[in-house]
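Derivation of every value follows stated rules applied to the coordinates shown; laboratory data play no part. All figures in this text were calculated on a predicted structure; none of them were measured in a lab. When we count neighbours, we look across all protein chains shown, and the Cβ atoms used for this are built from the backbone with ideal geometry, even at glycine.
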Amino acid sequence: MENLFSNPQRTIQRLSRWGSKAQVQLALFTARSEILTSSWKGQTETVRRYWTIYGGYRALLGSPYLHVALGLTGVCLLFWAKTAHLDYLTKVSDIAISAIPNLLGFTVGAFAIVLAFSSAQIFRTVAEGGDPLSFFMKLAANLVHFILIQVLALVCAILAKISDSLALNVATLIFMLYGILATLSVALQLFQTAIIYNATASLNADDEQQNQE
């Protein structure tokens with residue numbers, strides 16, 4: 001082994017290079033950590049804005065669709081068909097894995113269509129001049145909520161399928177029923193959008209008729 005004190009100048013140069021490499025590695029590690037942290041911060045901020053526009057826990061716990069989903073879950077647990085060994089005949093995870101992806105694709109497609117036509121006159125009307133809590137933002141938040149429910153149902157179904165957990169199957173049933181019932185909520189809000197569009201078109205027709213007169 002080389003004696004570090006036999007050539008002090010060379011030893012100092014080596015230690016300087018090692019120090020520079022350590023500083024570079026530390027800088028790279030810090031940069032990567034900042035990128036990761038900023039990504040999480042961006043996602044957290046987006047979720048926080050969606051949750052605020054949706055209405056938070058008050059809107060969630062007060063949702064009639066959630067109440068119906070919980071009631072249907074209780075009925076399903078009460079009348080769930082069992083085998084002779086008292087095992088459940090049908091697993092919710094199997095139903096969810098086969099049904100939720102199609103429903104999720106439909107929802108994402110509907111969201112994409114809403115955003116694609118966001119430059120149309122109707123969406124300028126429902127945007128209410130850029131109000132953060134406008135009808136348009138509430139419609140978008142409801143669609144995001146709908147997608148989130150379906151994603152949670154699918155994740156729970158996969159985990160339940162892997163672990164064969166009864167608790168996860170029950171959670172999957174709640175999310176799946178809530179997601180299916182929330183379809184009605186989104187449909188009604190889209191119908192309200194159509195009503196607003198029809199009313200706006202009627203007002204525009206009246207204005208044109210008055211101008212002609």
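A few points about this structure:
- Once the Cβ-Cβ distance of Glu45 and Ile113 is raised to the sixth power relative to R0 = 45 Å, the FRET efficiency obtained is 0.95.
- Per-residue Karplus couplings for segment 167-178, computed as 6.51 cos²θ - 1.76 cosθ + 1.60 with θ equal to phi - 60°, are listed in order as 4, 5, 5, 5, 4, 4, 5, 4, 5, 5, 5, 5 Hz, Gly and Pro entered as x.
- Amide H to amide H distances under 5 Å link Ser63 with no residue, where only residues 5 or more positions off or on other chains count and H is placed in the peptide plane.
- Förster-model FRET efficiency, 35 Å R0, Thr37 and Ser98, C-beta, rounded to 0.05: 0.35
- Ala59-Ile195 FRET efficiency (beta carbon distance; Förster radius 25 Å; 0.05 resolution): 0.70
- Oblate is the label for segment 45-115. Its Cα gyration tensor axes, ordered a ≥ b ≥ c, give a/c of at least 1.5 and b/c at or above a/b.
- Sequentially through segment 94-100, phi angles give Karplus couplings (6.51, -1.76, 1.60; θ = phi - 60°) of 5, 5, 5, 5, 8, 9, 5 Hz, Gly and Pro residues having no value and appearing as x.
- Highest mean packing first, where packing is the average number of other Cβ atoms within 10 Å per residue, the peptides 46-57, 143-154 line up as 143-154, 46-57.
- Sequentially through segment 180-191, phi angles give Karplus couplings (6.51, -1.76, 1.60; θ = phi - 60°) of 5, 5, 5, 4, 5, 4, 5, 4, 5, 5, 5, 5 Hz, Gly and Pro residues having no value and appearing as x.
- Peptides 194-200, 175-181 ranked from most to least packed by the mean count of surrounding Cβ atoms within 10 Å: 175-181, 194-200.
- Residues whose amide H lies under 5 Å from that of Ala127, counting only those 5 or more places away or on a different chain, are Phe136; hydrogens are built 1.01 Å from N in the peptide plane.
- With the simple model of a label 7 Å out from the Cα in the direction of the Cβ, Leu72 to Leu188 spans 1.4 nm.
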